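Notes for the one structure printed next.
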Amino acid sequence: MAQPTTVRGGKIRVLLGNSATPIVYSAPCGFTQKTITLTKALEEVQLPDCEDPDKVDWLGRDATSLSMGISGEGVLALESTETWLDAWESVDSVPAKVEWEFPSKTITWTGRMHVETLEVGAPNGRRVTQNVNMQSDGEMKRVVTPAGP
């Protein structure tokens with residue numbers, strides 16, 4: 001049996017872009033865990049049996065949209081606090097990039113995302129934590145780049 005090729009959590013990156021031309025992306029400091037959720041919305045339609053209309057219908061499903069959501073949690077880091085607050089306050093979505101780096105290739109999605117929620121937890125005597133939720137705004141374009149020599 002062959003073992004799967006896996007990667008560690010630091011090889012999955014969430015980066016936010018600035019307003020420079022060209023856009024410069026960087027990973028805000030503080031995440032200790034990230035979750036990327038790829039969603040396909042489906043619409044259901046009943047498919048009748050043409051030969052036996054009394055038979056219970058099967059459901060057909062048509063794809064209607066794609067979406068990417070990101071949730072991250074970790075510590076509230078001074079180095080990234082303004083970046084997150086600026087993105088959350090913005091009426092416009094912000095440039096974002098998601099990278100999955102494997103030994104043989106890197107899969108990258110680039111597009112725009114809204115920072116939907118920022119949640120800060122402040123337990124007495126312990127480090128302050130932060131949770132972030134982001135949602136795509138339009139297409140997140142996927143590019144696969146082979147690893148260099």
Query raised in the report: In debye, nearest 20: dipole of the stretch 1-136 around its Cα centre with unit charges on the Cβ of K, R (+) and D, E (-)?
Result: 1020 debye
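Let a ≥ b ≥ c be the square roots of the eigenvalues of the Cα gyration tensor of the stretch 101-149; is it rounded (a/c under 1.5), or, if not, prolate (a/b larger than b/c) or oblate? Let's see the in-between values first.
Details: a/c = 7.32, a/b = 1.76, b/c = 4.15.
In terms of gyration-tensor shape, oblate.
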Query raised in the report: How do Phe31, Phe102 line up, fewest other C-beta atoms within 10 Å first?
Result: Phe102, Phe31
Report summary line: Phi angles of the stretch 20-27, converted by Karplus (6.51 cos²θ - 1.76 cosθ + 1.60, θ = phi - 60°) into ³J(HN,Hα) in whole Hz with x for Gly and Pro, give 6, 10, x, 5, 10, 9, 8, 8
Query raised in the report: In degrees between 0 and 90, to the nearest 10, how far off the longest principal axis of the chain does helix 78-89 point, with axes built from Cα atoms?
Result: 50 degrees
Query raised in the report: Which of the listed residues, Ser136, Thr110, Asn124, is farthest toward the dipole's positive end in the stretch 98-149, when Lys, Arg count +1 and Asp, Glu count -1 at the beta-carbon?
Result: Asn124
Report summary line: Two pseudo-spin positions, 7 Å from Cα along C-beta at Thr21 and at Gln3, lie apart in nanometres by 5.0 nm
Query - From the coordinates shown, Rg and Dmax of the Cα atoms in Å corresponds to which of (1) 18.1, 66; (2) 17.9, 57; (3) 20.3, 70 - result: (3)
Query - Amide H partners (placed H, <5 Å) of Thr106, local residues excluded - result: Thr145, Ala147
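Coordinate-derived values only; no laboratory data. Only a predicted model underlies this, so the values are computations on that prediction, with no experimental measurement involved. Because the Cβ atoms are built from the backbone with ideal geometry, glycine has one as well, and the counts that use them run over all protein chains shown.
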